[in-house]
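The values are calculated or read from the model by the stated rules, or taken from the named source; none is laboratory data. From a predicted model like this one, the values you see are computed outputs, not experimental measurements. Glycine gets a Cβ as well: all are built from the backbone with ideal geometry, and neighbour counts include every protein chain shown. Remember, those area values only see protein heavy atoms, side chains included, never the ligands or the DNA or RNA. Shrake-Rupley method; radii C 1.70, N 1.55, O 1.52, S 1.80 Å.
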Amino acid sequence: MSQTVLSSNAPDMGHPAGFAKAGGPRARKVPGGGVVLHATSNPDRVEAPITARAYFLCVFASFGGIFFGYDTGWMGGVLAMPYFIRLHTGLDPATTPSSQFVISASTQSLMTSILSAGTFFGALMAGDIADYFGRRITIIVGCLVFSVGCVLQTASTSGLGLFVAGRLIAGFGVGFISAIIILYLSEIAPRKVRGAIVSGYQFCITIGILLANCVVYATKDRNDTGSYRIPIAVQFLWAIILATGLFLLPESPRWYVKHGKLDKAARALATVRGQPVESTYVQEELAEIVANHEYETELIPATGYFSSWMACFTGSVFNPGSNLRRTILGTSMQMMQQWTGVNFIFYFGTVFFTALGTISNPFLISLITTLVNVCSTPLSFYTIEKFGRRKLLIYGALGMVICEFICAIAGTVSQSPAVVKLQISMICIYIFFFASTWGPAAWVVVGEIFPIPIRARGVALSTASNWLWNCIITVITPYLVSPDKANLKSKVFFLWGSTCILCIIYAYFMVWETKGLTLEQVDRMMEEVGSPRRSAGWRPHGTFAADMGLTEDGTLAVEKGKHLQNATHVEGDSRV
């Protein structure tokens, strides 16, 4: 039987508080394979310094964003391809007016929204799978499911049936990946660069959109099925790269802690921090994770499958730190990200630019807007840690409001070539504001706000909300802008500008400032601070290890925690 002992790295006289002197105590292994953990009461000692190896391990995991982005990019271009339009409408471009040579609004709606429907349910399922089998395995399974969907889409040469079925199945895979990548990144990333690393997920989304636009631009003039089958088939490459890489990455240490496998948690944490497993940095961080899990488990006991889901909705809606408020925050944050309207450009931009009638090469304009998206996102790597989440979201939404109303007013007053150029400029600046603020920051916040007992399901619900609203927007947008329906043209930006005003109000009243905090410290802040508006001034002042019984002689009284008493390490078993 393994034994787990936690001891404190107490402050050493003559050395900075909480820091061991050089050559000081290191963690020891005890007979039976247990881990001896050093606990600390110093909140600055709960994480190891950042190493290049640890940073790049975390960065690779964000590669999963390419799935999301690539699908967004290729679908918008394919809908405007002459061969694809002829295939699904039977229209002849030589005899059909250009304004009528389009796929019907209902077919566009079905083709784009069906993937989002799949991702909605895939994201919900992913929470359970990730809790049971692990974060890493869930993402790998998502790659396999996604590949099956790609096969069906690539095999489709006529009609909608096989194509739509493939989109739906691929959506389940994307739902797995998009939900759990954020969870996995948030749990393994160092706190000082967690915002930047999770922003890397959004950066990979933008790269995926750019790559898709490049492939579509290269195949758009083909007069055969290769015009759309090549862009679809390229997606296999992303699945192979991500799945192969994740076989080499460790599981989330916090998942191991949740299942009582502390030996494996120590080894995984040592890997992602670039430290030896005996390092006091690793032991102190693991002790804090364990103590926080014990604390949260007392508050949110796991009594069954349905009760564990209901735990996401416990507490008062008037208590800013309750699980219910956190779930509302996560799901509404993803809703608001979709309400910015940016996916209108990425899904239907080529169709919209074509409808303006004054742009000779709408595919090129879409490629330019995508390039702006890619080049703007890396700015958030710095700003999200420098200025914090709240400021980025507030000022980013303000910038988008200005650009969208200028675009709407100008396009309503005139459709001259000069005005169209102004609109394109405003759209590019609007994308800049989104890509450097709401694009990455919304994902960062969602990955940080949930306590460990409900984190997988909370992130899954939030991601499902993103895809639900993505689905709703892709269903209704063709009807808003299609010539045979509402035909709003530039007036559609009045709608997106208005929703961005709501984003400003939402960010000011609802979003917490989590910059520079560990996930465990975020829990403490949300319990102690009465309002998100005051969260930026909160500073860590203790550790969960100390609160859970750090004694004068430096030991941690773990006998109260049944979870730690039974922390055996069963090889090959997925649950404890």
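Things to note:
- Length added when fully stretched, residue 505-residue 486, from 0.36 nm per residue minus Cα-Cα: 3.9 nm
- Taking Cα centre as origin and charging only the Cβ of basic (Lys, Arg, +1) and acidic (Asp, Glu, -1) residues, the dipole magnitude of the chain rounds to 820 debye.
- Radius 15 Å from Cβ of residue 226, net charge of other residues (Lys, Arg +1; Asp, Glu -1): +2
- Peptide ranges 139-145, 442-448 listed from the most packed, as the mean C-beta count within 10 angstrom indicates: 442-448, 139-145
- More than 20 Å apart - percent of Cα-Cα pairs taken over the stretch 207-298: 57 percent
- Rounded to the nearest 10 Å², the accessible area of residue 513 at probe 1.4 Å: 20 Å²
- Annotation: extensible slack from residue 60 through residue 479 equals 146.9 nm (criterion: 0.36 nm per residue apart, minus Cα-Cα distance).
- Rg/Rh for the stretch 69-215 (Cα atoms only, Rh after Kirkwood) is 1.07.
- Our summary gives the chain a relative contact order of 24 percent, counting only alpha carbon pairs under 8 angstrom and 6 or more residues apart.
- For the chain, convex hull volume per residue from C-alpha positions, Å³: 139 Å³
- By the equivalent-ellipsoid construction on the alpha carbon gyration tensor, the stretch 432-505 comes out with semi-axes of 30, 16, 9 Å, ordered largest to smallest.
- If R0 is taken as 41 Å, the Cβ-Cβ distance between residue 133 and residue 230 corresponds to a FRET efficiency of 0.75.
- By the Stokes-Einstein formula, at 1.306 mPa s and 10 °C, the stretch 193-250 with its Kirkwood radius over alpha-carbon pairs has D equal to 119 µm²/s.
- Packing, taken as the mean count of other beta carbons within 10 Å per residue, orders the peptides 514-526, 195-207 from highest to lowest as 195-207, 514-526.
- In this structure the chain gives 36 Å² per residue of accessible area when probed at 1.4 Å with all protein chains present.
- Environment charge of residue 441, counting only residues whose C-beta is closer than 14 Å and scoring Lys/Arg +1, Asp/Glu -1: +3
- Kyte-Doolittle mean at least 0.0, axial Cα span of 30 Å or more - DSSP H helices of the chain: 105-133, 135-155, 161-188, 194-219, 389-413, 455-481
- Shown for the chain: the carbon plus sulfur share of the solvent-accessible area, taken with all protein chains present and a 1.4 angstrom probe, equals 66%.
- Positive minus negative residues near residue 389 (Lys, Arg vs Asp, Glu; Cβ under 9 Å): +1
- Violating pairs (Cα-Cα greater than 31 angstrom) within the set 220/491; 261/515; 192/421; 258/391: 192/421; 258/391
- Estimated at the nearest 10 Å², the accessible area of residue 125 is 90 Å² with a 1.4 Å probe.
- Extension reserve of the residue 319-residue 221 stretch, reckoned as 0.36 nm per residue once the Cα distance is removed: 29.6 nm
- Sequence ranges 497-507, 532-542, ranked by mean other-Cβ count within 10 angstrom, highest first: 497-507, 532-542
- The Cα center of the stretch 220-281 and the Cα center of the stretch 102-179 differ in position by 19 Å.
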